[in-house]
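Asker: Quick one: this structure, given as structure tokens, is what I'll be asking you about.
The values are calculated or read from the model by the stated rules, or taken from the named source; none is laboratory data. Predicted model, so just to flag it, every value in this text is computed and none were measured. Ideal geometry is used to build each Cβ from the backbone, glycine not excepted, and the neighbour counts take in all protein chains shown.
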Amino acid sequence: MASADSDTQPTEAIPHAVKIIVAGGFGAGKTTLVSSVSEIAPLSTEELMTEASYGVDDLGGIEDKTTTTVALDFGRITISDDIVLYLFGTPGQDRFWFMWEELAEGALGSVILADTRRLDTCFHAVDFFERRNLPFVVAVNRFEGATAYSEEEVREALDVSASVPVVMADARERMSSKEVLVELVSHVLRSRQAALSG
Amino acid sequence: MSAERHRRHDRNEPGHDREFPQILGAHEDEEERFLRPYAVDAGVAGPDAAGPRGRRGAEQLEMLSLVVAARTPGRHEWLRPERETILMHAQRARTVVELAAEVRLPLGQVRAIAGEMLADGSLQHCGPTRPLGHSDILHAVLVGLRSL
Ligand SMILES: Nc1nc2c(ncn2[C@@H]2O[C@H](COP(=O)(O)OP(=O)(O)OP(=O)(O)O)[C@@H](O)[C@H]2O)c(=O)[nH]1
Ligand SMILES: [Mg+2]
């Protein structure tokens, strides 16, 4: 397929595409975190889903379908010529769980954003990643007007293992979001080392 | 802090988990409620989606699968603008999810069309130029993030 004129193009290295998931409850700051560290304005695509209504068994299957779209926002960080890191926020609506499955597949790890005004909204994310043995860190996103809880209080409420980092963050601040990601990847490396030597 | 997570594991607790039962493993019910058109119909979501072309041989692509155009857009595309657009955007290697964002089509649709285009040779899969192990990648990502 190589032709004379295609040789004039410099051959670029094709990078490894890896991903980190940014999860958390509705409005916890997922999109904000992705935007603050991404090198590009977050990209967006959507997934279509057919939503079948309940109670149509008598009709012999799915009779009543509507199509719903799920927005998927993601950012990108070029690590080197060989590696590009993608950051995917989980869809805001909880019912789109199937997207979580695919997002988590092959991910390096996950950041779970905890909003202390409604900490319970991240419980399902904690459950989800624990069950899949996908390493995660908890980033406590401090909103104005929210009671300031200590790391220990959050850790206790979330009931996460002592090895899971719980860090304070401000998703709007690039450096803060970067620190969260650094914490996550360090944690992933520590977990791997523990697994290899244990 | 009133809520504590371990309560969520008590599946008999009234009213608990209404919003997110599936994460705790109750997948069956939900699968009846939400069907992904492209997964279900092997790439055909309806008349305005990929259409019934080239279903056989279409492969399921991951979001981060890398594809590259194997040729430039030609006369084959004159009635298939979405293919032409995909070919133009894939002149350099692209992940499927980025391609979807760039061509402004739903991910599932791009997956389906790209799968057909792989099957008919318009697109090619590509792997990373330099092989790297998982550890190498993690270390490099850590260094890269630290220097942001
Ligand atoms: N004070 C404060 N506000 C924040 C912070 N992070 C996000 N916000 C604000 O909270 C709101 C919601 O943030 P998003 O990033 O859209 O939250 P999300 O998790 O993506 O929301 P959904 O996708 O709808 O679930 C926005 O108005 C943000 O500006 C933070 O660290 N501190
Ligand atoms: Mg969002």
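Asker: Look through the stretch B:118-148, keep the residues that are surrounded by 22 or more Cβ atoms within 10 Å (Cβ to Cβ) and under 23 Å from the mean Cα position of the chain (by Cα), and return whichever of them is nearest to the other protein chains (Cβ to nearest Cβ).
Answerer: B:Val141
Asker: Let me ask something else. Filter the stretch B:93-117 for residues that are within 14 Å of A:Ile14 (Cβ to Cβ) and at the interface with chain A (Cβ under 9 Å from one of its Cβ atoms); which is surrounded by the most Cβ atoms within 10 Å (Cβ to Cβ)?
Answerer: B:Glu98
Asker: Would it be correct to say that A:Ala139 is within 16 Å of ligand 2 (Cβ to nearest atom) and closer than 19 Å to A:Ser36 by Cβ?
Answerer: Considered against the rule, which asks whether it is within 16 Å of ligand 2 (Cβ to nearest atom) and closer than 19 Å to A:Ser36 by Cβ, A:Ala139 comes out as yes.
Asker: Of the numbered conditions (1) in a helix (DSSP H, G or I); (2) away from ligand 2 (no atom under 16 Å from the Cβ); (3) crowded, with 23+ Cβ neighbours inside 10 Å, A:Leu189 fails exactly one; give the number of that condition.
Answerer: Single failed check for A:Leu189: (3).
Asker: In addition: Regarding B:Val141, is this residue under 18 Å from A:Tyr86 (Cβ atoms) and in contact (Cβ under 8 Å) with a residue 12 or more places away in the chain?
Answerer: no
Asker: So A:Ile83 passes all but one of these: (1) at pLDDT 95 or above; (2) at positive phi. Which condition number does it fail?
Answerer: All conditions are met except number (2).
Asker: In the stretch A:72-85, which residues are more than 7 Å from chain B (Cβ to nearest Cβ), within 27 Å of B:Asp136 (Cβ to Cβ) and within 16 Å of ligand 1 (Cβ to nearest atom)?
Answerer: A:Gly75
Asker: So which residues in the stretch A:13-48 are within 11 Å of ligand 2 (Cβ to nearest atom) and among the basic types (Lys, Arg)?
Answerer: A:Lys30 - this is the single residue of the stretch A:13-48 that is within 11 Å of ligand 2 (Cβ to nearest atom) and among the basic types (Lys, Arg).
Asker: Quick test of your reading of the structure: A:Glu183 fulfils all but one of (1) away from chain B (no Cβ under 12 Å); (2) closer than 20 Å to A:Ala28 by Cα. Name the failing condition by number.
Answerer: Condition (1) is where A:Glu183 drops out.
Asker: OK, next. Can you name the condition, by its number, that A:Leu103 falls short on among (1) within 16 Å of ligand 2 (Cβ to nearest atom); (2) more than 9 Å from chain B (Cβ to nearest Cβ); (3) touching a Lys or Arg at 6+ places or on another chain (Cβ under 8 Å)?
Answerer: Every listed condition holds for A:Leu103 apart from (2).
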